[in-house]
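Peer 1: Starting off with a structure, shown below.
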Amino acid sequence: VSAAGNCTSSGFPSTRHEDWKYTDVAPIVSRGFAPVGAGWSEALRARVEQLALPGPRLVFVDGRHSPELSSLEGLHEGVAVKPLRAAVREDAEALEAVLGRRARAEAHPFTALNAALLEEGAFVQVRPGAVAPSPVQLVFLASGASAAPVLASPRVVVVAGENSEAALVEVYAGAEGGASLTNAVTEVVLGDNARLHHYKLQAEPDAAFHLASLHPWQARDSRLATHAFALGG
């Protein structure tokens, strides 16, 4: 799949667009990136242990869920976390009600690209009134195993019910290797008086490109605190 594919009628932005005046995406759209199905390795397990906090986590390698590296041990009973593929089968109605609610494909070419290639990601649900003592972690790794440029298009959907409180940590990292492109979209839906603490660490290799967007929808008296740290890519 070429990153320069015709995902929207307007095409990808250039420095002639005001919002992208200082961001040239030509090195991305001129290159052919493709999804791959790389597996896990002990080296990646060591990377996860180095980056992740103790507690429940889902791990994805080159955009695909890795059960071998994931663990939901210690997950609070008021929180449900599952790969997006599983949520499509098991929580279709709840997911359909929020997926794309804010991250509308027509509003942004890279959001459109994510939607066009949407296969994997995570669905996080916090029950009304639940207060989770430890964060949910989503770890996205580039394996570095493919010589061809690798594309990952994760979609994260978070729904927090009224009067709930939780924390979400997104980590993007990987092994040194060939070029990769992460095009991530995170959607957050907060009910009345819900609280979500959102942290993002981007520590991808030097050959990596990283594009991401956060799309919140907040009900009355809700609070979203988001903190992003970009150390690589």
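Peer 1: Taking SER66 as meeting all but one of (1) under 16 Å from the mean Cα position of the chain (by Cα); (2) open to solvent by 10 Å² or more (accessible area, probe 1.4 Å), write down the number of the exception.
Peer 2: Of everything listed in (1) under 16 Å from the mean Cα position of the chain (by Cα); (2) open to solvent by 10 Å² or more (accessible area, probe 1.4 Å), SER66 misses just condition (2).
Peer 1: Since SER143 meets every condition but one in (1) open to solvent by less than 30 Å² (accessible area, probe 1.4 Å); (2) in contact with a Pro (Cβ under 9 Å, 6 or more places away or on another chain), which condition does it not meet?
Peer 2: (2)
Peer 1: A further question follows. Under the condition of being aromatic (Phe, Trp, Tyr) and in a loop (DSSP other than H, G, I, E, B), which residue from the range 25-63 is surrounded by the fewest Cβ atoms within 10 Å (Cβ to Cβ)? Spell out the reasoning first.
Peer 2: Here is the first cut: in the range 25-63, the residues aromatic (Phe, Trp, Tyr) are 33, 40, 60.
Add one more test, that the residue is in a loop (DSSP other than H, G, I, E, B), and what stays is 33, 40.
Details: PHE33: 24, TRP40: 18.
Checking each candidate, the answer is TRP40.
Peer 1: Is it the case that SER134 is open to solvent by 20 Å² or more (accessible area, probe 1.4 Å) and touching a His at 6+ places or on another chain (Cβ under 8 Å)? I'd like the intermediate steps shown before the answer.
Peer 2: Working: open to solvent by 20 Å² or more (accessible area, probe 1.4 Å): yes; touching a His at 6+ places or on another chain (Cβ under 8 Å): yes.
Considered against the rule, which asks whether it is open to solvent by 20 Å² or more (accessible area, probe 1.4 Å) and touching a His at 6+ places or on another chain (Cβ under 8 Å), SER134 comes out as yes.
Peer 1: I need every pair where a residue in the range 138-163 that is at positive phi has its Cβ under 7 Å from the Cβ of a residue that is assigned to a strand (DSSP E or B), sequence separation at least 6 or different chains.
Peer 2: Once the first residue is at positive phi and sits in the range 138-163, its partners that are assigned to a strand (DSSP E or B) give GLY144/GLY174.
Peer 1: Only one residue in GLU96, GLU119 is outside any strand (DSSP E or B), modelled with pLDDT under 95 and under 17 Å from the mean Cα position of the chain (by Cα). Which one?
Peer 2: GLU119
Peer 1: Now a separate question. List the number of the failed condition for GLU187; all other conditions in (1) without any contact (Cβ under 8 Å) to a residue 40 or more places away in the chain; (2) closer than 25 Å to VAL88 by Cα; (3) acidic (Asp, Glu) hold.
Peer 2: (1)
Peer 1: Scan the range 150-181 for residues that are over 10 Å from the mean Cα position of the chain (by Cα) and aromatic (Phe, Trp, Tyr) and jot them down.
Peer 2: none
Peer 1: Quick one: in the range 146-173, of everything that is within 19 Å of VAL59 (Cα to Cα) and not hydrophobic (A, V, I, L, M, F, W, C), which residue is surrounded by the fewest Cβ atoms within 10 Å (Cβ to Cβ)?
Peer 2: SER146
The values are calculated or read from the model by the stated rules, or taken from the named source; none is laboratory data. Just so we're clear, the structure is a prediction, and the values are computed from it rather than from any experiment. Because the Cβ atoms are built from the backbone with ideal geometry, glycine has one as well, and the counts that use them run over all protein chains shown. What goes into the accessible areas is simple: the full protein's heavy atoms, side chains included, and nothing from ligands, DNA or RNA. Shrake-Rupley method; radii C 1.70, N 1.55, O 1.52, S 1.80 Å.
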